[in-house]
Amino acid sequence: MKNIYQPDLMEVAAVQRHTADVKSVKVRFRDADCAQQFQFRVGQFGIFSSFGYGESVFNICSSSTWSDGLEFCFRKTGRVTEALWEIEEGDTIGFRGPYGNGYPVEAWKGKNLIFLGGGIAMPPIRCAIWYALENRADYGDITIVYGARTVADLVYVNELAEWSKRERVRVIQCVDPGGETPNWTGEIGFVPTVFERAQVAAENSVALVIGPPIMIKNTMPVLDRMGLPRASVYTSLENRMKCGVGKCGRCNCGPVYVCKEGPVFTMEELAALPQDY
Amino acid sequence: MSEVFEPRIVAFVCNWCTYLGADLAGTTRLEYPANVRIVRLPCSGRIDFNLLIKAFEIGADAVLVSGCHPGDCHYNTGNYHARRRWMLFRPLLEVLGFDMRRLHFAWISAAESRKFQQTVKQVVEETRQLGPYQYPAPPTDSYGAGREPHKNHFDAAAAQQRAREMLEAKEVDVVIGYGSSGPVFIRRPEDVDQITCEETGLNLAAYLGRKEVRAMGRAAILTKPMDAGALVVLERESQIESGAVKTIPIGEPGKGDFSDLDALLALPPAERMAWWAGEFARCTRCYACRQVCPMCYCERCIADKNRPVVIDTSPTPVGNFAWHVTRAFHLAGRCVGCGACNHACPVGIDLRLLNMAVHRAVAEQFDFNVGADPKAESPIGCWAPADHEEFIR
Amino acid sequence: MSEIISSDNLRKLAAEWIEQGVRVAAPQHAGGRVLYLPLKNSADLLLDAFIHPANSAKEFLFPKSETLYAYRVEGQDVKLVEAPGTETPQVLLGVRPCDAAAFPILDHIFNWDCADELYNRRRRNTTIVVLACSAHDANCFCTSVGLGPASERGADVLLVPLTNDTFEVRSVTEKGRSLFAGKTQTDNVAAMAAAGPEPRFAPDAVRKFSAANFEHPIWGEHALACVGCGACAHTCPTCHCFDIVDEHGERVRNWDSCQFSLFTLHASGHNPRPDQGSRQRQRILHKFSIYPDKFGEILCTGCGNCTRNCPAGLGVLPLLIAIEHEEHLPA
């Protein structure tokens, strides 16, 4: 029987630095069979490990339609992310997963997609954006509103520029007041305000909102006002986890184990759960 | 074993004297054994006891700690502070039965290359005789008898009366007392009969720093004879204002009794170490000892920090040894002997013995009474030119 | 007709098992109290005059610290080394019914969706010999959660005390039967199980209350005296929360506790359970609402260890009684 806590080994294929404390890493399985068999759904997460330092939970931020390895993105904040910050091409890390439910991309077919993200929440949105772009015919208009505290805190800026050139994709970038630079061409303001100003239609739409709690809290009234039902608004929770397989007992939000029944929930589902996140 | 045992020695040295002394030994071609790994720190005052424990944990057979001679410190007094700490750290290691022949202290100046050479040679030779360091296995025959938790009986009526008066006069907003199964928080005079003093194991000063308790306003606590000293230490360490917390003393002060400690110290060191290994083997790291201690008020304990991991979080033999050494030594000159840690330990480890060993060293070496004067300087935070150093080469 | 064994013969049997290399764990005196510990000497085995050991028997199936696997970092490469799994047979001898009942409950969490082989392997190699209770104390509440002093749940063999230092041996499983085969005598006496504690609360009332009152002053009030240690969780037969850390080239899992302030702390500094009240609530919810919702069973066997070991005299029982009281208040 396989030891469910034992990771697969992955080789670092590329490291990209986004900001002063955010990097993304592309990894490939060392074992050819693992690479062959590996499948995941966008919105799922993995448990990545730096040997000698420990494990950390990150969203798999590459699209599930890409066959070459997978990517994750992290901010340097703790013991494991500080160790991962130092990794270079060719290094080995551990991976367990994929875990969690993922986004209901099948149910989203035929809908307009609204993506609202703040700060380090871009990676879990990025995988969904790429998935939709790779399956462009299945989805309607795509609106992306992405904000950060300052221009220097925006991640995946090159891809934001690339997405904005695609057909029926509208990208709005914003930074908090005071976070702009002299040649900043994007909006200035917080994500909820900027999004409301953008006048996006609610008909036949679903929204994916990920960001700090305060952003989500202030975005909800805007979505309510534009008439988007809460069952059509999705988010991804980030409760602390250790095992990822529903055993270690810390990620639960009321009766729901976020690692197994989450991390993706509709706002309607979240409203029925206790405020334990 | 067919191979010759080559001891691994870790030398923690200060940057300004001993490191230069070692350097000089090299440049003047004074040969010394290659068994020593030198770790350079700014000052002997920076050589934390956790570094010593860590070195043994990861494979050192002996440790050498060395800095500037008294009077020579680059930072004026760092080595005096270091000497103070070692004076208290050694009695703790002794009660644990740690083999003191594996821990060496020296003053070596930048000019004393020969002394560095000779010291290293001696340490290597002595350690070679001792053989490899190993954390001992617990005794195989039986388990430590431990100490039955004993209960004192206190007069609840007088405490109730005093609590009622204080609450009625609005002298305090809450009286923290002992109820039938543990602490009770009394805010109305009519509730004072909940103070029954049946379960009095805790030191109620431990609750004073809690956000919820602070929010209640001015507090009075019931104090057993040893408990009130905690308020003195908390005031000394600027955790509470002078006179801010009222006390309702219960019970008559007893005499300090070190007989259990002396009985333990009568055993040969190796047996002591093995006995403690058996005791620590039961520890699950529930941290009840820390959580009930009025002196353990740190926002984040060193045991909960992970950058770097100073103390293993795993309840393994070495992890538990490191934890209990750290807990006891962080209480040096601060423990008031209330015994709450012993009361709290679910697996009955007699933690009090560790605290007592340091406590006695503080009293004997510095004539310091921990719980007496809030203005008196903590013995671990100061030093004296006359501090003894016969253990330093 | 019933099978019986004298305490002398039981000790001899335990000595035989130890001789054969079986790991025997049993209640013994240590640290001024009774604890389940590996049995070194069959004379140390306690068969009466204790209510419940201060720890629980779970540590013999789910140890407080366990290596999941080891690794070696070699340049840019890493070699994984599987944990040396042990197949050593083990007998838990003289465990209380409330400890034994915890294992079928824990089987759910370690086996839903993915199976935890480290736990399962020990489970397979373990035979559980339960010693029925002849007394209870004020902390016991097994009868409130559907168990009792002679409950057979989780047992392979149930020993029920008779008079004159003898036990009736009731084999519950084939594993238990073979362990005692040929070691017992037959007699026509039948042991009477002792009376259990009076039921103290109704689990359904607790479940109803805690599901409906996520925000309620009772949580904070009862947590006032809680010091935030893990004594309750670590001595609980059913608490199973764990942490995973890297130490000395190994990935290790250690017991954790929902009462620790770091338990749910996010890297960002946000903590969904910022105070002791919300942590106490989690413990009650997990045991009486979340676990029953998921697995159909209460995550509590009424052993009373949380109260017995709480430095502040709390544990779940006082809170459960208070909740029951609250639930029955007129609205």
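The values are calculated or read from the model by the stated rules, or taken from the named source; none is laboratory data. Treat the numbers as computed from the prediction; the structure is a model and nothing was measured. All Cβ positions, even for glycine, are placed from backbone atoms using ideal geometry, and neighbour counts span all protein chains on display. Calculation scope for accessible area: heavy atoms of the full protein, side chains included, ligands and nucleic acids excluded. Shrake-Rupley method; radii C 1.70, N 1.55, O 1.52, S 1.80 Å.
For chain C, a simple Cβ point-charge model (Lys and Arg +1, Asp and Glu -1, everything else neutral) yields a dipole of about 100 debye relative to the Cα centre.
Which of the helices in chain C, when you take each full DSSP H run, stretch at least 30 Å along the axis at their Cα atoms and have an average Kyte-Doolittle score of -1.0 or higher?
Values: long enough: none.
Within chain C not a single helix satisfies the rule.
Charges only on Cβ, +1 for Lys and Arg, -1 for Asp and Glu: so what's the dipole of chain A about the Cα centre, in debye to the nearest 20?
400
Can you give the convex hull volume of the alpha carbon atoms of chain B per residue, in Å³?
Values: hull volume 58.1 nm³, N = 393.
Hull volume normalised by residue count: 148 Å³.
The residue list A:Ala137, A:Val256, A:Val151 was ranked by how far each Cα lies along the charge dipole of segment A:135-277 toward its positive end, using unit charges on Cβ atoms, and A:Val256 comes out on top. Estimated from helices alone, the mean residue ellipticity of chain C at 222 nm is -7500 deg cm²/dmol (sum of -39500 (n - 2.57) over DSSP H runs with n ≥ 4, per residue). Comparing mean-square fluctuations of B:Val309, B:Val192, B:Val123 from a GNM of chain B with C-alpha springs under 10 Å, the top value falls on B:Val309. Find how many whole Å separate the alpha carbon centroid of segment A:68-89 from the alpha carbon centroid of segment B:48-81. That distance is 35 Å.
Accessible area, 1.4 Å probe, largest first: how do B:Tyr32, A:Tyr103, A:Tyr131 sort? Please list the in-between numbers first.
Details: B:Tyr32 70, A:Tyr103 5, A:Tyr131 30 Å².
Final ranking, largest accessible area leading: B:Tyr32, A:Tyr131, A:Tyr103.
Compute accessible area for segment C:198-233 by itself and then with all protein chains, 1.4 Å probe, and report residues whose area falls by 20 Å² or more. Those are C:Phe214, C:Leu224, C:Ala225, C:Val227, C:Cys229, C:Ala231, which lose 20 Å² or more relative to the chain on its own.
Mean projected area of the convex hull spanned by the Cα atoms of segment B:259-366, taken over all viewing directions: 7.2 nm².
Relative to the globular-protein estimate of 2.2 N^0.38 Å, the Cα radius of gyration of segment C:2-327 stands at 1.05. Could you please state, rounded to a whole Å, how far the C-alpha centre of segment C:215-294 is from the C-alpha centre of segment C:1-56? What the calculation gives is 32 Å, centre to centre. Based on the alpha-carbon gyration tensor of the protein assembly as shown and its eigenvalue square roots a ≥ b ≥ c, which shape applies: rounded if a/c is under 1.5, prolate if not and a/b is larger than b/c, or oblate? Rounded shape, in that the Cα axes give a/c under 1.5.
How big is the C-B contact in terms of buried accessible area, both chains counted, 1.4 Å probe, rounded to the nearest 100 Å²?
Values: alone 15700 and 19030 Å², together 31510 Å².
That pair hides around 3200 Å² of surface in total.
Every Cα-Cα pair of segment A:61-134 was included, and the share exceeding 18 Å stands at 52 percent. What does the C-alpha gyration tensor say about the overall shape of chain A? Classify as rounded when a/c is under 1.5, otherwise prolate if a/b is larger than b/c, or oblate. Verdict is prolate for chain A.
Normalised by residue count, segment A:8-99 yields a Cα convex hull volume of 85 Å³ per residue. Using only protein heavy atoms and a 1.4 Å probe, report how much of C:His29 is accessible, in Å² to the nearest 10. Accessible area, nearest 10 Å²: 120 Å².
Put the Cα centre of segment A:196-264 next to the Cα centre of segment B:199-277 and the gap is 48 Å. For the segment B:180-192, counting C-beta atoms of other chains within 10 Å of every residue's C-beta and taking the mean gives 3. Near B:Ala322: Cβ cut-off under 15 Å, other residues only, Lys/Arg at +1 and Asp/Glu at -1. The net charge is -1. Could you give the dipole magnitude of segment B:2-133 about its Cα centre, charging the beta-carbon of Lys and Arg +1 and that of Asp and Glu -1, in debye to the nearest 20? Its charge dipole is roughly 300 debye. Based only on Cα atoms, what Rg/Rh ratio does segment A:178-277 have, Rh being taken as Kirkwood's radius? My calculation of the ratio gives 1.06.
Convex hull volume of the C-alpha atoms in segment B:9-130, normalised per residue: 87 Å³. When shorter helices are ignored and each DSSP H run of at least 4 residues is given -39500 (n - 2.57), the per-residue value for chain A at 222 nm works out to -6000 deg cm²/dmol. Summary value for segment B:240-361: 27 percent relative contact order, contacts being C-alpha pairs under 8 angstrom separated by 6+ residues. So how much accessible surface do C and A hide from each other in total, probe 1.4 Å, in square angstrom to the nearest 100? Approximately 3800 Å², summed over both chains. For the residue pairs A:Lys2/A:Lys247; A:Lys23/A:Lys217; A:Lys242/C:Lys208; A:Lys76/A:Lys242; A:Lys76/B:Lys305; A:Lys2/C:Lys79, alpha carbon separations beyond 20 Å are given by A:Lys23/A:Lys217; A:Lys242/C:Lys208.
Count Lys and Arg as plus one, Asp and Glu as minus one, and take only other residues whose Cβ is under 12 Å from that of C:Cys133; the net charge is then -2. Compared with the dominant Cα axis of chain A, that is its longest principal axis, helix A:122-134 is turned about 80°.
The lysines whose alpha-carbon is closer than 21 Å to the alpha-carbon of C:Lys175, local same-chain residues fewer than 8 away aside, are C:Lys12, C:Lys58, C:Lys183.
Among the protein heavy atoms of segment B:156-249, carbon and sulfur supply 48% of the accessible surface, probe 1.4 Å, non-protein parts ignored. Computing the accessible area with a 1.4 Å probe over protein heavy atoms, can you report the carbon and sulfur percentage for segment B:259-366? Roughly 58 percent, rounded to a whole number. When the square roots of the Cα gyration tensor eigenvalues are ordered a ≥ b ≥ c, the ratio a/c for segment A:112-236 is 1.5 or more and a/b does not exceed b/c, which makes its shape oblate. Among the protein heavy atoms, those of C:Leu10 account for about 0 Å² of accessible surface (1.4 Å probe, every chain in place).
Candidates B:Asn342, A:Ile172, C:Leu320 compared by Cα position along the dipole of the protein assembly as shown: farthest toward the positive end lies A:Ile172, with charges placed on Cβ. Note on segment B:205-311: along the principal axes its Cα atoms extend 50, 43, 22 Å, ordered by decreasing extent.
Just the number please: accessible area per residue for the protein assembly as shown, 1.4 Å probe, all protein chains included, in Å².
Working: 40640 Å² over 1001 residues.
Dividing the accessible area of the protein assembly as shown by its residue count gives 41 Å².
Between the helical axis of A:213-225 and the longest alpha-carbon principal axis of chain A there is an angle of about 40 degrees. Given B:Ala322, B:Leu264, B:Trp275, which one lies farthest toward the positive end of the charge dipole of segment B:259-366, if we put +1 on the Cβ of every Lys and Arg and -1 on the Cβ of every Asp and Glu? So the residue we want is B:Ala322.
Structural descriptor for chain B: relative contact order 19 percent, calculated from alpha carbon pairs under 8 angstrom and at least 6 residues apart. Largest GNM mean-square fluctuation among A:Val194, A:Val157, A:Val233, using chain A with Cα springs under 10 Å: A:Val157.
Protection proxy ranking for B:222-229, C:227-234, B:111-118, using the average of other Cβ atoms within 10 Å per residue and placing the highest first: C:227-234, B:222-229, B:111-118. Neighbours of B:Lys211 by Cβ distance under 13 Å: Lys/Arg scored +1, Asp/Glu scored -1, total -1.
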